[in-house]
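Only the coordinates and a few stated rules stand behind these numbers; no lab work does. Note that this is a predicted model, so its numbers are computed, not measured. We place every Cβ from the backbone using ideal geometry, glycine too, and count neighbours over all the protein chains shown.
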Amino acid sequence: MPPGAPLYLPVMPLKHSSTVDLEKLALEHITPQLLSSGYCYLDNFLGEEVGSRVLEQVWRLHKDGALKDGQLAGDLHGVSKKHLRGDKIAWIAGTEEGCEAIGLVLSVIDRLVVLCGTRLGEYYVKERSKAMVACYPGNGAGYVRHVDNPTGDGRCITCIYYLNKNWDAKTHGGILRIFPEGGSRVADIEPLFDRLLFFWSDRRNPHEVQPSYATRYALTVWYFDAHERAEAKQKFKRLNESKHDTSTKSS
């Protein structure tokens, strides 16, 4: 489960924000698309200048060795981890020195989710994860088909911000393929620079990252439904207490 963090940072001003109506985006595009299709994306989200600042900070994290191999949950004895998941990641709050532009992106995404409000069905969102900065190093690495939240850990919305300039999926690969539940069609999302993607985190949206043949960067954050998150924490607490009791008895 991604590490939790406080939600709803104040939205920092953007130089081009006068032409960007976040409320209109939330209510007329994101909400209806999520409800009808289970996913949606916005192109040219923050603009060339801001997007380039974010990319520079992510590139610096990668260059400085801050990104580590992504982990897999469960018992995978005898299975090559890199065959299943080949990305390198770091968890970033956006408040760290040198990560101010990343924090800006998070604050704007936070605002969009707030504006969607109670229109997203039964969900009540009041916290999110830190940002997962991810790099697929371009050696054919990908991530096999999976579900972000198959066990009810609280995650309800996955948001991915892509940072790949001049990306050509025919040459570079790296497509995020979503397999919407109950549908016969797939959704292929190219990881284009300054593109923001939203989709439901649960079993409605199995997805995979196809092999990447160029360095592929993205920021991912997960928003939590308060009720499911609280239940998951209680379940985790009870499980730990049960393990402690068993350990105490056996000793």
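Bridging of K235 to aspartates and glutamates at a Cα separation below 17 Å is possible for D153, D225, D245, once same-chain residues fewer than 8 apart are set aside.
In terms of its alpha-carbon gyration tensor, segment 114-191 comes out prolate; a/c meets the 1.5 threshold, and the first ratio a/b outweighs b/c.
Once the C-beta distance of V144 and S37 is scaled by a Förster radius of 22 Å, the resulting FRET efficiency is 0.45 to the nearest 0.05.
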